[in-house]
Amino acid sequence: MRASPFFLIAALSWVLVAVPGVASGASDCRAPAAVCEARGSGSLALIEGGVPVAVLVDAGDFAAVRRAADALREDLQAVSGGAPAAGAPRTAIIAGTLGHSARIDRIVRERGIDVSGVEGVWEGYLLQVVEAPEPGIARALVVVGADRRGTAFGLYELSRRIGVSPWTWWADVPPPRRTSLHAAPGRFVDAPKVKYRGIFINDEEPALGGWSRATFGGTNHRFYERVFQLILRHKANYLWPAMWQPRAFYDDDPRNAELADEYGVVIATSHHEPMMRAHDEWSRYGKGPWDYTRNAETLQRFWRGGIERLQGREAVVTLGMRGDGDEAMTEGTATALLERIVADQRRIIGDVTGKPVENTPQVWALYKEVQDYYDAGMRVPDDVTLLFADDNWGNIRRLPDPAATRPGGYGVYYHFDYVGGPRNYKWLNTTQVERAWEQMRLAWAHGVERVWVVNVGDIKPMELPISAFLDQAWNPDAADLDWISGYPMAWAAEQFGAGHAREIGDIVTRYTQYNARRKPELLDADTWSLLHDGEAERVIGEWDALEQRTLALARRIPDSHRDAWVQLVEYPVLASANLNHLYIAVARNRLYAAQGRASANRWADEALRRFERDAELQRAYEHDVADGKWVHMMSQVRIGYTHWQQPERNILPPLARVDVPARGVTGVAIEGDPRRWPRPASSPRLAALDPAGAPSRAVVVFNGGREAVEFSARSSQPWLKVAPAQGKVDDIQPLSLSVDWSKLPEGEHEAVVAIRGSDRTEVYVQVPVRKPPSHRGARGFVEGDGVVAVEAAQHTRAVPPPRGQWQEIPNLGRTGSGMTVWPAVGGALEPGGEGARLEYPLVLDASGEVEVRVVLAPTLDIRNRGGLRYAVSIGDEPPQVVTMRLDPTPGDRDFQAWERAVIDYSHVARSHHAASAGANILRLWPVDPGLVFQRIEVVTDPRPRGTLGPVGSTTR
């Protein structure tokens, strides 16, 4: 079975774009059932002269098929701008389900259509141009489905091929207008690899909740109809409905369940809602405590009602029990109790359905403390799907032995949104599609093929990762490294056309990379350092550059796509950039107030302006876009967090105001030190300058008053130049320090910069300077400022393991890409000798001990083997094995390391080595599978650094 390409129209001249996820990567109008603007030999016109082809289905086929056919008719009319010709059609799209459509069964039989690879295959379908399929119709594009969703997916696939985005309603992406579209001849067969693929709507207040009330009157069937359409347009089939109190899918609107069945969407319930009962239903109908040891009979009646209410509709039943309110059920691991609960629940399922219990799909969600039960040896019957989970931050906690099999299979519950520690994150997309892809690729390699479900919060603004997750789930085998590398551009082309797809794809890639390295809710005034490595300036520079690119491109986006542009690109970039500006303004205000700078008050004003701009950006999104369609949708609180739970509303962080005297007051500040000078019995001392990593340092003369002050700056040594040598300071005056290295011998040196103000202030800045040995002939990454910092992808040699390869995962690092060994299954590798490794040449100033900090993605110990290991060696020393231990279980010895890792979106592991002056080779050896290496820092001077670490080293 080949992967399913779908194609879209993208520019004024026909451009074929293969959207990965269900794509073979081909951009060929001759591919079977490919849709192109140009007529080809044997093709069938879907739109000709602005007139769309008719779409025919039997009235007796499944409702899901009829609804999908209605959607395709509407899409064809939207693309063509016209309606099908009156009278009996001579050509058509004919769709139907084997065994449920007499028309399709007859065509298959009489025209000898090959249905191998479709018949009996879960959600399989066939697309094929057929001559004379029935009397009166000369030619037709036939859609043959193995079951109701197979047929529906064939129809939704055609919608995507003619250029209609799955986000056409949910993000106001307009269909392209075309007067001519043709389907190529040939036989195209497809079916999903993962059985249940879907989303979990969660944490939906105040945003989606407020929007749904304003738009539909609540999360009723009118709301869910739009959700079902979104899911099915992605060829997904599975939903955990919204459940934050007071929501109950079945109880709030009986039409919800009826409509889900009509569309063919499989309804399940979340990890802590057993037996098809919403959590809030217990507060409505339950009696007594939510405690099986004291109230088993009442709970059994309650659960029986959930199964009875299904009335035979398709569902996946969650088993087990957690505590009331998504908490642990008991202290400790009550394995016997939970085994009894599961057994009783299965008895109820069998009693109510009257069928063998294994005929009803069931999952046991190994979420949070429930995984402890599994690790302690608890097991459920083999027909139950084991649903593993991530740590709520996108790092899968446990995966099965890839050689293990069970009839019920395995699943993964993943997160794009979370309410809980260390902080909530709900407002904007902070998930890199590269990380979700990498983790779900691991899951697929370990045999997770039954359920892929992801917590998407409010749905918006998670559009990009939702598409990527569901597209990958359709055919994980096709979702290779090239797939994810090209996905953002392909997704952008699907929304906006091919003309700007590369630029848009890079913009959404950058903003998610920047947001992932510190989620907006985790930002505060201490995040980006004002004192070290110019970090705050670097971060703001990146955001400013991205914002400028976004605004420049906005002028070239057609008005027809303006609403989609704001939702999918412009608002996330501008709002994220503004929030980073806000917190850096707060940081400057506080630092400058402590230093007595007059400009502290200006930075307080700037922070307030940024706070107000945040509100204005939200207002524009909610009231100006699409005529106010998305009211409330950006109302998740994001500013003013002080612990894991959000404040009731956005709160401007506390600011400082200073009394500014009328007269000018000279002050001096230096890089790396928060204090101001002059101060009693103390002189400022810079960290040493060196030619490779720190040829200069920041020294600032500032004014603490309203009147300008004059200053002079003089160096005590002729080889150190200071500019300007004098001047007037209204606010600040940075001083440039430059060293004439040709006049210095190797070794340690010192100069003093004397700064004198017109108010008789005197400050003497000590400037140590170090000229390292030249190490002539040595080549590699050069030590500078006490460190060598190298991106993992900057290796000069990559030795793969037997039957494996090194892969660079684009953007999967806070400052670069990630390196991993693939495939990531099997046993440990032995470090040393000619084993798998990455090599990095270094040039170090002096011999001695160095600390090697390896920055890794926060991958968890998915096989529960005691941590994930790698090894490091420098020169000829034996590899030193390092174990990365992270555990999201509160109270565990490795919990704090995990918490730090998810805050920083990386883990820094350390080892110590003896190194020689001059040329060295650092070797990085993978041991356990699954590790993603992001960066290597070889540190000789362990002084404070910024959040992102030192800037990258130069080479020679």
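The values are calculated or read from the model by the stated rules, or taken from the named source; none is laboratory data. The shown structure was predicted, so the numbers you read here are calculated from the model rather than taken from an experiment. When we count neighbours, we look across all protein chains shown, and the Cβ atoms used for this are built from the backbone with ideal geometry, even at glycine.
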Residue, nearest to residue 732 (Cα to Cα), within the range 654-701, restricted to residues that are more than 42 Å from the chain's Cα centre (by Cα) and crowded, with 19+ Cβ neighbours inside 10 Å: 701
Can we say residue 259 is over 27 Å from the mean Cα position of the chain (by Cα), modelled with pLDDT of 95 or more, not charged (D, E, K, R) and not in a loop (DSSP other than H, G, I, E, B)? yes
Identify the single condition in (1) at pLDDT 95 or above; (2) outside any helix (DSSP H, G or I) that residue 297 does not satisfy, given that it satisfies every other one. (2)
Of the candidates 140, 171, 146, 132, the one satisfying the condition of being within 30 Å of residue 561 (Cβ to Cβ) and not hydroxyl-bearing (Ser, Thr, Tyr) is 171
Residue pairs within 8 Å by beta carbon, gap of at least six or interchain, first lying in the range 880-902 and under 18 Å from residue 851 (Cβ atoms) and of a type outside the set (Ser, Thr, Tyr), second outside any strand (DSSP E or B) and at pLDDT 95 or above, listed first then second, are 881/831; 881/927; 884/859; 884/867; 884/931; 897/885; 897/886; 897/887
May I ask you to list the residues in the range 82-106 that are under 19 Å from residue 153 (Cα atoms) and either aromatic (Phe, Trp, Tyr) or not in a loop (DSSP other than H, G, I, E, B) (or both)? 92, 93, 94, 95, 96, 97, 103, 104, 105
Can you find a residue that is assigned to a loop (DSSP other than H, G, I, E, B), buried (at least 22 other Cβ atoms within 10 Å of the Cβ) and aliphatic (A, V, I, L, M) anywhere in the range 810-823? yes
Which residue pairs have Cβ atoms under 7 Å apart, sit 6 or more places apart or on different chains, and have a first residue in the range 108-130 that is part of a loop (DSSP other than H, G, I, E, B) and a second that is crowded, with 22+ Cβ neighbours inside 10 Å and basic (Lys, Arg)? 123/149
Take the conditions over 21 Å from the mean Cα position of the chain (by Cα) and acidic (Asp, Glu) and apply them to residue 506. Does it pass? no
So in the range 742-771, with the set limited to residues that are in a loop (DSSP other than H, G, I, E, B), among the charged types (D, E, K, R) and in contact (Cβ under 8 Å) with a residue 24 or more places away in the chain, which one is farthest from residue 677 (Cα to Cα)? 746
Count - residues of the range 746-782 that are surrounded by 14 or more Cβ atoms within 10 Å (Cβ to Cβ) and over 18 Å from residue 720 (Cβ atoms): 10
Within the set of pairs 6+ apart or on separate chains, which have a first residue in the range 90-107 that is in contact (Cβ under 8 Å) with a residue 12 or more places away in the chain, a second that is part of a helix (DSSP H, G or I) and among the hydroxyl-bearing types (Ser, Thr, Tyr), and C-beta atoms under 9 Å apart? 95/151; 96/151; 97/151; 98/151; 100/151; 101/151; 104/151
Working only within the range 843-854, note down all residues that are part of a strand (DSSP E or B) and within 15 Å of residue 877 (Cα to Cα). 848, 849, 850, 851, 852
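Each row is one residue, and each column tells you yes or no for (1) of a type in the set (Asp, Glu); (2) in contact with a helix residue (DSSP H, G or I) (Cβ under 6 Å, 6 or more places away or on another chain).
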| site | (1), (2) |
| --- | --- |
| 512 | no, no |
| 516 | no, no |
| 529 | no, yes |
| 533 | yes, no |
| 543 | no, yes |
| 551 | no, no |
| 555 | no, no |
| 571 | no, yes |
| 578 | no, yes |
